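Here's the structure, in structure tokens; my notes come after.
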Amino acid sequence: MLAVSVIYAVKTKRIMMRLRFTLSLLFLLFITLVSARVRNSDTELWYTKPAQDWMREALPIGNGYIGTMFFGGVGREQLQFSEGSLWSGGPGANSAYRFGNRPDAWKHLVEVRNLIKQGHLKEAHALVEKYMTGVAPVKQPGDRTDWGDYGAQQTMGDLFVTMGHDDVPVTQYRRSLDISKALGKVSYAIGKHRYVRTFFGNYPTGVMVYRFESSTPEQYEIGFQTPQQKSSESFENNRYTFKGYVPNNKQAFEMAYQLISDGEVNYQHGKVKIVGAKFVVLIQAAATDYVMEYPSYKGADYHAAVTKRLDRATHMGYRALLKQHEQDYSALFDRVSLKIAGKSNISLPTDERQQAFFKGAADVGFEALYFQYGRYLMISASRPGTMPMHLQGKWNNSVNPPWAADYHTNINEQMLYWPAEVTNLAECHEPLIDYIKSLVPPGRMSAQDFFHTRGWVVNTMNNAWGYTAVNWGLPWGFFPGGAAWLAQHVWEHYEYGQDKAYLMQTAYPIMKEAAQFWIDYLTPDEQGRLVSSPSYSPEHGGISGGASMDHQIAWDILNNCVQAAKVIGDQSFADSAAWIRDQILPPQIGKWRQLQEWKEDVDDPNDKHRHVSQLFALHPGRQISPLETPALAKAAQVSLEARGDEATGWSLAWKMNFWSRLKDGNRALKLYKMVMKPAGGGVSSGTSYTGDGSGSYANLLDAHPPFQLDGNMGATAGVAEMLLQSQTGTLELLPALPDDWKSGAITGLRARGGYTLDILWEKGQLKQVKVVADKKGKKILGYQDKSKEVDFVPGKVYMLSLQDFS
Ligand code: FUC
């Protein structure tokens, strides 16, 4: 009897295994078909007209170093570009202001704290404003920015390629951007003559490539225009070289392009003329003397960098550059695919498609496209060794861009990088981590000067020059929490990647010092709970005796340090960090059941402010979750409802992430659609802080307004949050799946702990999940109220279906 049942069990097991295997194959086949379909259809932005407007219509391409916007004009192509390290202002521009620090600021701390304890918040606010904000930037006569010697990210200029034919009427006009290949294209016909332009950024060689072709020989004139100062200009061996500098700080740069053409080339007075050419290829490189290193930020051999890149690229030639680019790009982009079953309005040009979508046309393909666009933009703008993305990524056409196109660290910079790890682009996170590392030495000085603490701080606005001081004005400038928030990224890069050498050498020292600031700065309130005093909830209210966001950020860095210290073996720091963490004033529920923004219970239920800072603990933090702290999660929801949905671009995207964490997929999708809606409304240009005019432009770049890339990135991260979450330690599958996404598949998402997941769902239910772990050990997978523990062996493929969960 026993033998019979053993044989039976073995047989059943075999049958089950075979069945599973077959299912897995079917699953893989489905995914392959899905990815193939995705590549062929929903990966293109395309238009039937040239772009008129840089912000709304021109299309972005990039190689990490350079961001170019192309317009596709018929008679003249405009290639506007900027290089990430070109900045006005900074050290040397005016040594008196250097870094904005005020060495005596900390001397007022005790008085401010006493006033706060006595309930005199207005007086405390006035004192902070007078003594504890940084030195305002100095404006020089003729200064071209609003930011004086704080500086601003700079455009490098425009390459104009004028065609031999005029702006004549054309047929078959098409301007497109294929985000699965990172290729920009413009094509049209004049009579029987065909014209094709192909543009792309090649990261491995560090060049931009612009190719113009025509079916019959054509004439061209190429000119470079820049608002920067010229030092010299030359044309030798078909290489145009421009050397120049930024007027207000003399920052030097070189921009050069190598010309390859079958036509006859002439150069005169800065203009290159080509006749009888069936093709013209411009291979462009640019570099500056910038070095991301405190205190000089200078000294790079930019001429050598440009020469090396152009020599290599010229030697390779166009075809090899294209092939290298395609391999390099697809190695990153193809890691993740998203397919949602349903309609895909691919027959409409993107601007019309966006309008139709806004008017209610079902178009899940468009929703998948917008998700992948964020990944495209990140791969184009942030690669190892390049500058981190700024408010506009790498695309900037101005010497005086909005908010200096800098690194704002009270939400924006962090949001730009939210999709990096989860959407499998960990390498693209590296420029941010390098930047954070570079902020530690100047940040120590600011911690000393303003707060008399150990550790390092950064505040609201930061630039390429190590500006870490409290910024020069209230209500926006005081936010030392920026540093520990950045340190969350440093930790998460480890959490996802599990690289211990990186944790020891890079992450842990940065994190520990960010935590040390809080250990010193937190101070007991009347009841002995540790609070941040004085503090400022980002750009909202006044000086407080405890902004909740500060407490949550302090909790986050200390909590992450406890985990990191255990891996490293720094037990004594793990113990003291845990002890301090547990004394911090926890999130408070206020008089209308809201999650308090401040220690003082003064939230206004009618307040619609765009910063929802008190919800940091819900996202991107992990102190609050519906699973572990349901009462606090409910309070977070009350606050979120009160704020309403309408908001600036990035705020819409943040709300999408909040709703995902609250497991409300339908609400998250509603916010996603608001991010994607055509921008315009009342304020279609200029700056709106209320959300008037938010959405996305026809080129699908997000509108604050004006254009700010954080909204794109926050939304891409939001989609990932809807489909997979791992912040609580459980791998939560489809935590916020909206009703409209009935069936679909996402492949290649990453989870904390080092996992790669493909998730397939059907009729609103999990169908199958494929998981591969980077390391050995047990992990719980959760789906709705079911779960399954798996004991992972690294590299092995685990396929689970709904039935495996109980
Ligand atoms: C913060 C936000 C603004 C804007 C700016 C760049 O100051 O409050 O809305 O996004 O950053």
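The values are calculated or read from the model by the stated rules, or taken from the named source; none is laboratory data. In this text the structure is predicted, and so the values were computed from the model without any measurement. Glycine gets a Cβ as well: all are built from the backbone with ideal geometry, and neighbour counts include every protein chain shown. For accessibility, only protein heavy atoms count, side chains too; no ligands or nucleic acids. Shrake-Rupley method; radii C 1.70, N 1.55, O 1.52, S 1.80 Å.
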Beyond 32 Å between alpha-carbons counts as too far, so tell me which of Lys339/Lys796; Lys323/Lys776; Lys298/Lys677; Lys117/Lys591; Lys512/Lys599 fall in that bin.
-> Lys323/Lys776; Lys298/Lys677
Any chance you could run the full-extension gain for Thr171 through Val797? It's 0.36 nm times the residue separation minus the Cα-Cα distance, nm to one decimal.
-> 220.2 nm
Three-way shape call for the stretch 414-456 based on the alpha-carbon gyration tensor, with the a/c threshold at 1.5 = prolate
With the contact rule set at Cα under 8 Å and sequence spacing of 6 or more, what percent relative contact order holds for the chain?
-> 12 percent
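So if the hydrodynamic radius of the stretch 494-570 is defined as the Kirkwood radius over C-alpha pairs, what does Stokes-Einstein give as its diffusion coefficient at 20 °C and 1.002 mPa s, in µm² per second?
Values: Rh = 13.7 Å.
Value of D from the Cα-based Kirkwood radius: 156 µm²/s.
What is the ratio of the Cα radius of gyration of the chain to 2.2 N^0.38 Å, where N is its residue count, to two decimals? Don't skip to the end; give the middle numbers.
Details: Rg = 27.2 Å, N = 806, 2.2 N^0.38 = 28.0 Å.
So the chain has a normalised radius of gyration of 0.97.
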Just how much of Val196 is accessible, in Å², when a 1.4 Å probe is used and the result is rounded to the nearest 10?
-> 40 Å²
Per-peptide average of other Cβ atoms within 10 Å, ordering 115-127, 524-536, 743-755 highest first = 743-755, 524-536, 115-127
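Can you give the helix-only mean residue ellipticity at 222 nm for the chain, where every DSSP H stretch with n ≥ 4 adds -39500 (n - 2.57) and the sum goes over all residues, rounded to the nearest 500 deg cm²/dmol? If you can, show how the numbers build up before the last one.
Numbers: 18 runs with 267 residues, N = 806.
Dividing the helical sum by the residues of the chain leaves -11000 deg cm²/dmol.
Using a Förster distance of 56 Å, how high is the FRET efficiency between His269 and Tyr502, based on the Cβ-Cβ distance and rounded to 0.05?
Numbers: r = 52 Å, r/R0 = 0.93.
Efficiency at R0 = 56 Å is approximately 0.60.
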The stretch 677-806, Kirkwood Rh and Cα Rg, ratio Rg/Rh at 1.12
Toward the positive end of the charge dipole of the chain, about the Cα centre and with charges on Cβ (Lys, Arg +1; Asp, Glu -1), which of Leu671, Ala565, Ala361 goes farthest?
-> Ala361
Give, to the nearest whole percent, the P(r) tail of the stretch 518-559 beyond 16 angstrom, counting all Cα pairs.
-> 31 percent
In straight Cα distance, which lysines are under 25 Å from Lys192, not counting same-chain residues fewer than 8 positions off?
-> Lys49, Lys273, Lys278
Pop a pseudo-label 7 angstrom from the Cα along the beta-carbon direction at both Ala642 and Asp53 and give the gap in nm to one decimal.
-> 3.6 nm
Kyte-Doolittle mean at least 1.0, axial Cα span of 24 Å or more - DSSP H helices of the chain | 2-40
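Quick one: which of 760-770, 262-272 comes out on top by average Cβ neighbours within 10 Å, and what's the full order, highest first? Intermediate results must be reported in sequence, preceding the final value.
Details: 760-770: 18.0, 262-272: 13.9.
Ranked from most to least packed, the peptides come out as 760-770, 262-272.
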So between Glu221 and Glu326, what do we pick up on full extension, going 0.36 nm a residue minus the alpha carbon distance?
-> 34.9 nm
If you roll a 1.4 Å probe over the chain with all protein chains in place, what percent of the accessible area is carbon or sulfur?
-> 53 percent
Using a 1.4 Å probe and counting only protein heavy atoms, arrange Asp601, Asp710 so the residue with the most accessible area comes first.
-> Asp601, Asp710
Using Cα positions and a limit of under 17 Å, work out the aspartates and glutamates in reach of Lys185, with same-chain residues fewer than 8 apart set aside.
-> Asp42, Glu44, Glu57, Glu77, Glu213, Glu326, Asp351
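May I ask you to derive the FRET efficiency for Lys786 and Lys742 from their Cβ-Cβ distance with R0 = 30 Å, giving the value to the nearest 0.05? Write out the running numbers ahead of the final one.
Numbers: r = 20 Å, r/R0 = 0.67.
Working from the Cβ atoms, E equals 0.90.
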Distance histogram in 10 Å bins (all Cα pairs of the stretch 246-353, percent per bin) = 11, 23, 26, 24, 14, 2
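Going by average Cβ neighbours within 10 Å, how do the peptides 275-283, 724-732, 170-178 rank, with the highest at the top?
Sorting 275-283, 724-732, 170-178 by mean packing, highest first, produces 724-732, 275-283, 170-178.
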Straight-line reach from Lys788: which aspartates and glutamates have Cα under 12 Å away, leaving out those fewer than 8 places along the same chain?
-> Glu732, Asp804
Can you grab the distance from the C-alpha centre of the stretch 317-339 to the C-alpha centre of the stretch 629-691, Å, no decimals?
-> 34 Å
On each of the three principal axes the extent of the alpha-carbon atoms of the stretch 425-511, given in whole Å and largest first, is 39, 25, 20
For Asp774 and Gln571, extending 7 Å from Cα along the Cα-Cβ vector and measuring point to point gives, in nm, a value of 2.7 nm
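Could you give the length gained by full extension between Lys117 and Leu627, i.e. 0.36 nm per residue of separation minus their alpha carbon distance, to one decimal place?
On the way: separation 510, 0.36 × 510 = 183.60 nm, distance 3.55 nm.
Fully extending the segment from Lys117 to Leu627 adds 180.1 nm.
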Quickly work out the Val135-to-Asp178 label distance, labels modelled 7 Å from Cα along the C-beta direction, and quote it in nm with one decimal.
-> 5.5 nm
Order by accessible surface, 1.4 Å probe, largest leading, for residues Glu111, Glu600 comes to Glu111, Glu600
